[in-house]
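*Asks:* First the structure, then my questions, so here it is.
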Amino acid sequence: MAATIAEEMGKAFRNIVKGDQIEGVYTKPVELVSGKYAVIEKSKEFSLVPWRSVLERSKGKMVSGVIGKKRGMGIS
């Protein structure tokens, strides 16, 4: 699915793992087989992070955080 999104957006997919720092603009949620994810975009790449309802307040805005042990991203 990330490949499809990458093709649509014309950006490279950057995989993230627990403990990674993530920063970018939250643009939209996407539904995947494994659950709901948030698309976080940077200028030439994007990442998918587990979606949290608190992200909706930041739609179209810069977000940053660390992917933690719990499902989701602690944003600031």
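The values are calculated or read from the model by the stated rules, or taken from the named source; none is laboratory data. If you're wondering where the values come from, they're calculated on a predicted model, not measured in any experiment. Reconstructed Cβ throughout: ideal geometry from the backbone, glycine too, with neighbour counts over all protein chains shown.
*Asks:* Within the group VAL17, VAL33, VAL25, which residue is surrounded by 15 or more Cβ atoms within 10 Å (Cβ to Cβ) and touching a residue at least 24 places away in the same chain (Cβ under 8 Å)?
*Replies:* Only one candidate qualifies: VAL25.
*Asks:* What tally of residues in the stretch 18-42 results from selecting those that are within 15 Å of ILE5 (Cα to Cα) and out of contact with any Asp or Glu (no Cβ under 7 Å at 6 or more places or on another chain)?
*Replies:* The total comes to 14.
So that you can scan it fast, the table gives a plain yes or no per residue for (1) assigned to a strand (DSSP E or B); (2) within 13 Å of the chain's Cα centre (by Cα); (3) at pLDDT below 95; (4) among the basic types (Lys, Arg):
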| residue | (1), (2), (3), (4) |
| --- | --- |
| ALA3 | no, no, yes, no |
| GLU8 | no, no, yes, no |
| ILE16 | no, yes, yes, no |
| GLY19 | no, no, yes, no |
| VAL25 | yes, yes, no, no |
| SER43 | no, no, yes, no |
| PHE46 | yes, yes, no, no |
